[in-house]
Amino acid sequence: DQQVKQNSPSLSVQEGRISILNCDYTNSMFDYFLWYKKYPAEGPTFLISISSIKDKNEDGRFTVFLNKSAKHLSLHIVPSQPGDSAVYFCAAYGSSNTGKLIFGQGTTLQVKP
Amino acid sequence: EPEVTQTPSHQVTQMGQEVILRCVPISNHLYFYWYRQILGQKVEFLVSFYNNEISEKSEIFDDQFSVERPDGSNFTLKIRSTKLEDSAMYFCASRDRGRRTEAFFGQGTRLTVV
């Protein structure tokens, strides 16, 4: 049951360039999306979120875009830094209102110096 | 900065044994969760807990699993009789009031069943 999908398992970019991580979802009832970053041997760390009433949310170097008609969101990191190298998870709150998160498979980002 | 803490960081147990994974959520949070990540797979929801009761559980969370908030600070996940396939990273998370607030995760407990 892959309601949240990240089709790119990995992405490699040069330091200073833009990183674009993509995420698709299938359930039109989802109304809040989050991005988490995860380093090895650590738990996921919240990065940025977006409500379905918006199409963009920005926080410093991180911007999330939401295209509801396409059921697609993306995370842009500009400029990318080597410390951004991690696994990035897209997640959505399930429709049950319990706060259950449904995660994508993750994309491993490598930022090369 | 407040954080979710989990103990132990790594637990090795024999198949069939009981394990208890412990978590201390952020103190003023109201919603508590357990997730797990089998190596190489996605993070999966196990259970949510609010107002001293389970509010939702996944198919994975069968009768072998239970959760408890024995006092005002700890939140535990018990696996009664561990199986090899229970080997995974287990993450505790907590969330403040509000319909759409972000969940904060602990650093995880790596459970290895041998």
Per Stokes-Einstein, at 4 °C and 1.567 mPa s, what whole-number D in µm² s⁻¹ belongs to the range B:4-114, with the Kirkwood radius over Cα pairs as the hydrodynamic radius?
-> 93
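Treat every Asp and Glu Cβ in the range A:4-112 as -1 and every Lys and Arg Cβ as +1, leave all other atoms uncharged, and give the resulting dipole magnitude about the Cα centre to the nearest 20 debye.
Its charge dipole is roughly 140 debye.
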At a 1.4 Å probe, what is the % contribution of carbon and sulfur to the accessible area of the range A:4-112?
-> 49
Assigned charges on the beta-carbon of Lys, Arg, Asp, Glu; the protein assembly as shown dipole about Cα centre (debye) | 400
Within the range B:99-114: backbone nitrogen closer than 19 Å to the residue B:83 label point (7 Å, Cα to C-beta) = B:111-114
For the range B:55-114, accessible area per residue (1.4 Å probe, heavy atoms of protein chains only), Å² = 46
Note: A:31-42 gets an average of partner chain Cβ contacts (10 Å, Cβ to Cβ) equal to 3
How big is the B-A contact in terms of buried accessible area, both chains counted, 1.4 Å probe, rounded to the nearest 100 Å²?
-> 1900
Residues of the range B:81-98 with accessible area at least 40 Å² lower in the all-protein-chain context than alone (1.4 Å probe)?
-> none
With +1 on each Lys and Arg Cβ and -1 on each Asp and Glu Cβ, how big is the dipole of the range B:5-113 about its Cα centre, in debye rounded to the nearest 20?
-> 280
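Hey, if we sort A:5, B:57, A:56 by accessible area with the 1.4 Å probe, largest down, what's the order?
Most to least solvent-accessible, the answer reads B:57, A:56, A:5.
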Residue A:102 accessible area, 1.4 Å probe, all protein chains in place, Å² to nearest 10 = 20
At 7 Å along the Cα-to-beta-carbon direction for both residue B:41 and residue A:59, put a label point, then send me their distance in nm to one decimal.
-> 2.9
For residue B:50, solvent-accessible area (1.4 Å; no DNA, RNA or ligand), Å² = 90
Among A:94, B:29, B:65, pick out the residue whose Cα is farthest towards the positive end of the charge dipole of the protein assembly as shown, where Lys and Arg carry +1 and Asp and Glu carry -1 on C-beta, about the Cα centre.
-> A:94
Proximal lysines relative to residue A:37, as straight alpha-carbon distance under 20 Å, when same-chain residues fewer than 8 apart are discounted | A:5, A:56, A:100, A:112, B:42
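The values are calculated or read from the model by the stated rules, or taken from the named source; none is laboratory data. Remember, predicted model here, so these are calculated numbers, not experimental data. Every residue, glycine among them, receives a Cβ derived from its backbone with ideal geometry; neighbour counts consider all protein chains shown. The area values use the complete protein model at the heavy-atom level, side chains included, leaving out ligands, DNA and RNA. Shrake-Rupley method; radii C 1.70, N 1.55, O 1.52, S 1.80 Å.
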